[in-house]
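**Student:** I'd like to ask you about the structure that follows.
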Amino acid sequence: MRILVIFLVASCIAVAGGALYVWYALNIFGACRNVVLTSIPSPDGKKSVVIFRKECGATVSDTSHASIASAGAPFSADKNPAFLSLASSLEILAWWRGNGVVEIALIPGGAREIRREQNVGDIRIEYK
C-alpha cells in the first residue's frame with residue numbers, strides 16, 4: 001500500500017511538472033507581441049493612426065496592421081482592433097486629411113490583405 005501511495009504522489013508530481021513546462025514553453029515561445037512602429041496624431045490631437053507589426057516568432061510570418069486609437073493613451077490591439085491587416089511585414093504609410101479622413105498608401109500587389117475597412121466609427125479610410 002505504501003508503494004502505491006508513493007507511486008501516485010510521484011505520478012502527480014510528474015504530471016504537474018510536465019503541465020507547467022508546456023505552459024511555460026507556450027507562453028515564452030508561442031506568444032505573439034505587437035510592436036508599434038509609428039503613431040500619427042490627428043490634426044486636433046484626439047486620435048492617432050497606429051501602425052504596428054504582430055510578431056509571433058520564427059515559425060509564423062509577421063503581419064502589418066493599422067488601427068485608430070485615442071491619442072496619448074497606451075495602445076492595445078485588443079481595445080483598438082485593426083482596420084487594415086496585411087499578411088506580411090510590408091510598410092503601411094498613413095496620414096490624416098483633416099480630423100475625419102485617413103489616407104493609407106500601400107505597395108501595389110505587395111501583400112495579401114486580411115482585413116480592409118472603409119470606416120472606423122466616424123473616420124473614413126481612403127486607400128491609395
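**Student:** State all residues of the stretch 70-128 that are part of a loop (DSSP other than H, G, I, E, B), modelled with pLDDT of 95 or more and of a type in the set (S, T, N, Q); if no residue qualifies, say none.
**Tutor:** Matches in the stretch 70-128: 76, 80, 99, 118.
**Student:** Something else about it: Out of curiosity, is residue 64 under 17 Å from residue 117 (Cβ atoms), modelled with pLDDT of 95 or more and not acidic (Asp, Glu)? Steps first, answer last, please.
**Tutor:** Numbers: under 17 Å from residue 117 (Cβ atoms): yes; modelled with pLDDT of 95 or more: yes; not acidic (Asp, Glu): yes.
For residue 64, the condition - under 17 Å from residue 117 (Cβ atoms), modelled with pLDDT of 95 or more and not acidic (Asp, Glu) - is met.
**Student:** Within the bounds of the stretch 91-102, is there any residue that is open to solvent by less than 40 Å² (accessible area, probe 1.4 Å) and closer than 19 Å to residue 31 by Cα?
**Tutor:** Looking for residues that are open to solvent by less than 40 Å² (accessible area, probe 1.4 Å) and closer than 19 Å to residue 31 by Cα, one finds none in the stretch 91-102, hence no.
**Student:** So which residues in the stretch 71-86 are open to solvent by less than 40 Å² (accessible area, probe 1.4 Å) and out of contact with any Pro (no Cβ under 9 Å at 6 or more places or on another chain), if there are any at all?
**Tutor:** Once the filter is applied, which keeps residues that are open to solvent by less than 40 Å² (accessible area, probe 1.4 Å) and out of contact with any Pro (no Cβ under 9 Å at 6 or more places or on another chain), the stretch 71-86 yields 76, 77, 80, 82, 83, 84, 85, 86.
**Student:** Restrict the check to the stretch 34-57 and report whether at least one residue is surrounded by 18 or more Cβ atoms within 10 Å (Cβ to Cβ) and touching a His at 6+ places or on another chain (Cβ under 6 Å).
**Tutor:** Yes, the stretch 34-57 contains a residue that is surrounded by 18 or more Cβ atoms within 10 Å (Cβ to Cβ) and touching a His at 6+ places or on another chain (Cβ under 6 Å).
The values are calculated or read from the model by the stated rules, or taken from the named source; none is laboratory data. No experiment lies behind these values; they were computed from the predicted model shown. Don't worry about glycine lacking a Cβ; one is built from the backbone with ideal geometry, like all the others, and counts go over all protein chains shown. In case anyone asks, the SASA skips ligands and DNA or RNA and just uses the protein heavy atoms, side chains included. Shrake-Rupley method; radii C 1.70, N 1.55, O 1.52, S 1.80 Å.
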